[in-house]
Amino acid sequence: MMRVRAISDRDYLNMIRVSRRQAPASLWIKGASVLNVYTKEWQEHHVVVAGERIAYVGEKEPLVDDQTVIMEAAGQYLVPGYIEPHAHPFQWYNPYTLADFALQTGTTGMVSDTLMLMHLPFSQTAAIMDSLAAHPVKQFFWGRLDPQTGKAHPSFTKENLARMLEHPRVLQGGELTNWGGVLQEDETLLFGLKHSRDLGKRMEGHHPGASYETLNIAAAAGVTACHEAIHAADLLSRIRLGMYATLRHSSIRPDLPELVKGWLELGVPWSSRMMLTSDGSTPPMHRDGFMDSTIRVAIEAGMAPEEAYVMATLNPAVYYGLDAEIGGIAPGRIADMLLLPAKDRPTPSIVIANGQRVAEKGTLLVPTVQPQWEEASLRLIDPLKKQAQPDWFRLRPDKDGKAPVLQMLNAVITRLSLEDMPVDQEGYVSLQHDPQLALIAIIDATGGNRTMAVLRGFGKHLEGLASTYSASGDWIVIGRDPQAMAQALERIREIKGGVVLIDEGKIICECPLPLAGKFASAPMEEVISMGENLVNQLRSKGHVHLDPIYSLLFFTATHLPYARLTATGIVDVKSGQIVVPALPLP
């Protein structure tokens, strides 16, 4: 059983004495209706705290003194602090600012992705994970087995995977996106899968649309949970094979309402092997909250509040082996609790963490943890010695007169075709006949290469956009005007990373992401507003897909079908073959 926080001999003895009413409580919550997540019933009980931990839950009043904090909670509802079992804390925000925001909205535990840290020396990654242990939000991590970009990366060796998986704050491996590599028996991937199992740690899968037979293989390989269920039948398949099934509601996959309705139609009881996740939603979606928002969506879709709270507290605690410490309001547990104004209103009025009132009405009351970013190698890597030129963003057809056209089927899935395209007087592809077309270029600054295609479906009349925010770390430039595209790229280099949008020769949206060009040090409120501004600007340019921020991230992510842009060219994901090679920068 994993221990979240050690307890001293003195505090341990004091907790027992408070439980026996031989020592005064530090906190007494009286009059609330308390959710017992173990039986899914509400009970009118006293909750008595000794220091950081709950000492007593029951009908008897505690011993108090003038140091005891008494909270009159009549008419309110007390639930455990929420746990996000599958966080991606680098979607423009960072683990520290996300944790602060999570705490304000009632999430007191998170298990997070490390992908965006894997390019750092392991000592720096470990230092960031260890520093977050002091945050009131209990933070743990999972260790990636593959880089998700098709690039060879020195962090993804057996030795480095072992070091990551063996770190005490890493509770599982995954999420495993290179399933094709597993089927091809890639030695490094199989080592990561087996080493996780040998360590007694969990393994998160990534299996959207997988058949029952594929899920069988995944379970045999050691996959213990999957958050990629799209339909209720997908949830049932995973549970029948012994996996945990995580119901997701994210900015790129807002599946939760349909999953809830579909499950209710099946007429099957809710399972203790179900969890809830927001799965790395981009900043604009967090305007509505964090796990409190996810729970609200589940309740509004027809899930009983008690089931929703259990899926966001006890079930993830059990899955990760933390339920002796967190996930419930019971003696011996860490005192992470939320006061709610009503059973079906999951945004808390008061947040208690480690036995202390830490937030009220969405405002933090305590200091948390300040990052030491200057100690990490998180500056944007810019090895180019030359200025971006408009000629970088002009495309010639091939010898057969065909040009690669990347069609956006949705926000993240792209399909490639070779099409006849008109050309201008200089023989370059012309887009004047169709305002919904743009050029997209991936700039490999290290290799001095560019991969280019015509892009269909990103928006209309888009002059120039540049982004250092990508899965691969390459720079993305999209637009119809080579001059504006070069201008946007130069601007993101000047601000040391981020996203810049140009219209009529002027910057109309600038989103600085100075930490590795992928995330900001600014507080969540600023990052949310920044993301909303970009999305609104792109909507005004005709972008119709769910989440354009995710579109930017995943243009270079090779774990998604059907065609992806890489530093070496356009790759067919299924075959792994480069079908349109990269070109040198002019």
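Every read-out reported here was derived from the displayed coordinates using simple, explicitly stated rules and does not represent laboratory data. These numbers come from a predicted model, not from an experiment. Using ideal geometry, Cβ is built from the backbone for each residue, glycine included, and neighbour counts are taken over all protein chains shown.
Listed peptides 322-331, 378-387, 9-18, 539-548 appear in the order 322-331, 539-548, 9-18, 378-387 once ranked by packing, highest mean of other Cβ atoms within 10 Å at the front. When the Debye formula is applied to the Cα atoms of segment 82-325, each taken as the same point scatterer, what base-10 log of I(q)/I(0) results at q = 0.07, 0.13, 0.16, 0.18 Å⁻¹? Per q value, in the given order, log10 I(q)/I(0) is -0.21, -0.76, -1.18, -1.48.
Computed extension gain for Phe122 through Lys158, at 0.36 nm per residue and net of the alpha carbon distance, reaches 11.6 nm. For segment 252-386, the spread of Cα positions along the three principal axes, ordered from largest to smallest, is 63, 39, 30 Å. The slack in the chain from Thr68 to Gln370, taken as 0.36 nm per residue of separation less the alpha-carbon distance, amounts to 105.7 nm. Going from the fewest other Cβ atoms within 10 Å to the most, the residues Phe555, Phe290 appear in the order Phe290, Phe555. How big is D, in µm² s⁻¹, for the chain by Stokes-Einstein at 25 °C and 0.890 mPa s if Rh is the Kirkwood radius over C-alpha pairs? Rounded, D is 98 µm²/s. Taking 7 Å steps out from each Cα toward its Cβ at Val268 and Tyr38 produces label points 2.8 nm apart. In this structure the amide hydrogen of Ala516, modeled in the peptide plane, comes within under 5 Å of the amide hydrogens of Arg379, Leu380, none closer than 5 places in sequence on its chain. Computed over segment 390-584, the Cα gyration tensor eigenvalues convert (square root of 5λ each) into semi-axes of 25, 18, 16 Å, ordered from largest to smallest. Packing here is the average count of other Cβ atoms within 10 Å per residue, and on that basis the peptides 218-228, 186-196, highest first, run 218-228, 186-196. Sites listed here are chymotrypsin sites (Phe, Trp or Tyr not before Pro) in segment 27-88 whose DSSP assignment is loop and whose Cβ has at most 15 other Cβ atoms within 10 Å: Tyr38. Over segment 9-125, one equal point on each Cα, no solvent: what is log10 I(q)/I(0) by the Debye formula at q = 0.10, 0.13, 0.18, 0.24 Å⁻¹? Here log10 of I(q) over I(0) equals -0.46, -0.69, -0.95, -1.27. For segment 270-287 and segment 345-370, what is the separation of their Cα centres, given in Å? Here the answer is 20 Å between Cα centres.
Rounded to the nearest 500, the helix-only mean residue ellipticity at 222 nm of the chain stands at -7000 deg cm²/dmol, with each DSSP H run of n ≥ 4 adding -39,500 (n - 2.57). In plain terms, the chain from Asp11 to Leu409 could stretch by 137.5 nm, reckoned as 0.36 nm per residue minus the Cα-Cα distance. For Val580, nonlocal amide neighbours, meaning residues 5 or more places apart or on other chains whose placed amide H falls under 5 Å from its own, are Ile570. Among the listed pairs Lys30/Lys361; Lys385/Lys496; Lys151/Lys201; Lys386/Lys496, those whose Cα-Cα separation exceeds 23 Å are Lys151/Lys201. Computed 3J(HN,Hα) for segment 267-284, one whole-Hz value per residue from the Karplus formula 6.51 cos²θ - 1.76 cosθ + 1.60 where θ = phi - 60°, is x, 9, x, 4, 9, 6, 9, 10, 9, 10, 8, 9, 6, x, 4, 6, x, x, glycine and proline marked x.
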